[in-house]
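Here the structure comes first, spelled out in structure tokens, and everything after it is commentary.
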Amino acid sequence: MVKSRIPAPRRSLLLGASALLGTSALLVACGAQGSPSAAGDAAHRPAVPSASTTGAAGGTPSVAARPTPGEGTETPTAPDRTPEPSASSTAPASPHASPTPSAPRTTAVPSQPSGSTAATPPQPSSHAPATGVLRHTASGGRTVALTFDDGPGPATGQVLDLLAQYGAKATFCEIGDNAKTRPAAVQRILAEGHRLCDHTVDHPQPMHTRPHEQQVAEIADAKSMIENAAGNSPTITWWRAPGGDFTAENERIGADLGMKSLGWTVDPRDWSRPGVQAIVSNVQQNLRPGGVVLMHDGGGDRSQTVAALKQLLPWLVAQGYAFDFPQS
Ligand SMILES: [Zn+2]
């Protein structure tokens, strides 16, 4: 469907979709707490300044003069870095960036008032690790699933342009608020054969400490917001907890909504703007066939991510990787 300068035989797991080819909208990316300083189109252009090899770009938070590096701290959309993805199938450990590294799930949550001991059906303790987090492509073999979180944002259009250039398909884990703000971007994502994933309404972190009802609302409402933005009732089969903060409890919530937990195996920490080369190298060194790569098209200045993608896409093609979607 799109020009592909890549080997031809790519499976075509595309989603049909109506929709237009809107461009990514203009508002600021997610997390944008209260300051949606309307970073217009122009704003997202600066994204690929010059081939900023290293931190260079980091210094120029071009777009929305929002939280810069520190974003991880105050969490506009505290990224989804997760140092333990590969670890195991469970390992929902202490993924997120949140300042409380060690206290991830310490807090006994009030989540389930009565149910704890009783063998009531609902969900187990919020402390219980999730057991069904997906961290593999659907087809296996020499495939890779690229996933982009926290958008749609100012950089989404650029990411889509690059993906199209290489005939690559990806999965976008969107924040409900952002999808609502940038419906054109959501529609373009689908129209170009990519897929959507629910990434909660406003990226709460840590997720597992939130009351049960709030977690339900975060996941369920985001799904609705994304579907509404898409306008054509797309099927959303995955959801990703902010920061990869999956627990048996929220995994259950997602499952009840027809979505599986989507994790990842490679986290280049692009959200922290470690430098283009650092992002590229991380992926090149850690990706294994069937892996799921986590990157971000929202949540702040993503110029490094875009620049890294320009190197990674041709590299992936050269390495013989076919682009796939995550297991579902
Ligand atoms: Zn995220």
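Coordinate-derived values only; no laboratory data. Please read all numbers here as calculations on a predicted model, not as lab measurements. Reconstructed Cβ throughout: ideal geometry from the backbone, glycine too, with neighbour counts over all protein chains shown.
Using the count of nearby Cβ atoms within 10 Å as a rough guide to exposure, how do TRP264, TRP315, TRP238 rank from fewest to most?
Ascending number of Cβ neighbours within 10 Å: TRP315, TRP238, TRP264.
Take the Cβ-Cβ distance between ASP256 and ASP161 as r, set R0 to 41 Å, and report the resulting FRET efficiency rounded to the nearest 0.05.
Between ASP256 and ASP161 the formula returns 0.65.
Which distance in Å, rounded to a whole number, links the C-alpha centroids of the stretch 299-328 and the stretch 251-297?
About 11 Å separates the Cα centre of the stretch 299-328 from the one of the stretch 251-297.
For the stretch 127-240, what is the relative contact order in percent, using Cα pairs closer than 8 Å and at least 6 residues apart in sequence?
Relative contact order here is 26 percent.
What list do you get for MET259, MET295 if you sort them by fewest beta carbons within 10 Å?
Ordered from fewest to most neighbouring Cβ atoms within 10 Å, MET259, MET295 come out as MET259, MET295.
In what order do GLU249, GLU192 fall by count of nearby beta-carbon atoms within 10 Å, going from fewest to most?
Fewest-to-most Cβ neighbours within 10 Å comes out as GLU192, GLU249.
Can you tell me how much longer the chain between ASN232 and THR131 gets when fully stretched, taken as 0.36 nm per residue apart minus their C-alpha distance, in nm with one decimal?
Taking 0.36 nm per residue and subtracting the Cα distance, the gain is 33.2 nm.
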